[in-house]
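The values are calculated or read from the model by the stated rules, or taken from the named source; none is laboratory data. Owing to the predicted nature of the structure, the values given are computational and were not obtained by experimental measurement. When we count neighbours, we look across all protein chains shown, and the Cβ atoms used for this are built from the backbone with ideal geometry, even at glycine. For accessibility, only protein heavy atoms count, side chains too; no ligands or nucleic acids. Shrake-Rupley method; radii C 1.70, N 1.55, O 1.52, S 1.80 Å.
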Amino acid sequence: MKSVAAKLGKTMPQLALRWVLSNPAVSTALVGTLRTKEFEENMGALGWALSGEDLREIDAVFARHGVDTHPDIRLDP
């Protein structure tokens, strides 16, 4: 994951938050901070998107560790 973040010029927390916000299986992302610096870093997850290639690369990392990033769930509109 560090290589994906570095390629995008983002920090790991920014990549993680962007991924969560991009994942249709996730309905809510709750983020807390203790310091202004953490808040400012988290704001770096906004205003950009992960490409299909980025998402496939992230999925491959999770798959190597047995994590299913696309669970068979039903999302109510």
**Q.** Surface share of carbon and sulfur [accessible, 1.4 angstrom probe, percent] for the chain
**A.** 58
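Would you work out if the chain is rounded, prolate or oblate? Take a ≥ b ≥ c from the square roots of the eigenvalues of the alpha-carbon gyration tensor; rounded if a/c is under 1.5, else prolate when a/b is larger than b/c, oblate otherwise.
Since a/c reaches 1.5 but b/c is at least a/b, the shape of the chain is classed as oblate.
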Q. How large is the charge dipole for the chain, taken about the Cα centre, if only the Cβ atoms of Lys, Arg (+1) and Asp, Glu (-1) carry charge, to the nearest 20 debye?
A. 260
Q. Scattering from the C-alpha atoms of segment 10-55 alone, worked out with Debye: what is log10 I(q)/I(0) at q = 0.14, 0.24, 0.27 1/Å?
A. -0.33, -0.89, -1.06
Q) By per-residue mean of other Cβ atoms within 10 Å, what is the highest-first order of 47-53, 24-30, 1-7? A) 1-7, 47-53, 24-30
Q) To the nearest 10 Å², what's H70's accessible area with a 1.4 Å probe? A) 120
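In debye, nearest 20, what is the charge dipole magnitude of segment 19-59 about its Cα centre with +1 on Lys and Arg Cβ and -1 on Asp and Glu Cβ, if you could check? All intermediate terms of the calculation are to be shown ahead of the outcome.
Numbers: 3 positive and 7 negative charges, 41 e Å.
Approximately 200 debye in magnitude.
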**Q.** Accessible surface, the chain, averaged per residue in Å² (probe 1.4 Å)
**A.** 74
